[in-house]
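Q: Supplied in structure tokens, the structure appears directly below.
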Amino acid sequence: MKNFSAGLNNFWVGLFTGIMLPIIIVAVLLYATVDKLTGLIEDTAIAPLISRSEQTFDKVDNLLLNLDDKVDDANLKDLALLAPLKNAQLFPELQALGSGVANLKQTVTDIDKQAVLANLQEKLQASLASKFPEDKAKELADNLISIAQVLASQSSNNTPLTVQ
């Protein structure tokens, strides 16, 4: 009877240890991982990066929603008007526009701003004239100048534009 009770005791100890040991190990590893991740996220060096990335994701999400709404509301005539822009390589013009906006944000006087705008318009019009008819190139350059003025006048976001 003594051996039976010892065996039964060993059975219950083994069962308890066999079940609880893996649960305890997994819980400890999970706690350590979560503690390290929350410590990393709360770190002062990474917190601004996380907040900026959240803002960027919000802006991208809003942009995608707006584009989706505009595409849903567009008709075939609107899409046909955008067909010439599909094959045009406007990246150099957009780079010039970005650098022009950065220059506009740095200038102080109205005379300097007008000079930067005139220079930017000449550069854009010359570049666009090789890709579009003359009247369309002038109209597109005027529209890009208007966009540059709006971007430069926004004082809520004073981060400089970077052009690569």
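Quick note: the coordinates plus some simple rules give every number you see, no bench work behind them. Values in this document were obtained by computation on a predicted structure and should not be read as measured data. We place every Cβ from the backbone using ideal geometry, glycine too, and count neighbours over all the protein chains shown.
Q: Apply the Karplus curve 6.51 cos²θ - 1.76 cosθ + 1.60, θ = phi - 60°, to the phi angles in the range 59-65 and return the couplings in whole Hz, x for Gly and Pro.
A: Ordered by residue, 3J(HN,Hα) equals 5, 5, 4, 5, 5, 5, 5 Hz.
Q: If you don't mind, there's one more thing I want to ask. Which of the peptides 14-24, 91-101 is most tightly packed, and how do the rest follow, going by the mean number of other Cβ atoms within 10 Å of each residue?
A: 91-101, 14-24
Q: Can you run phi through the Karplus equation (6.51, -1.76, 1.60; θ = phi - 60°) for the range 108-120 and list ³J(HN,Hα) in whole Hz, with x for Gly and Pro?
A: Karplus-based 3J(HN,Hα) across the range 108-120 equals 9, 8, 5, 5, 5, 5, 5, 5, 5, 5, 5, 5, 5 Hz.
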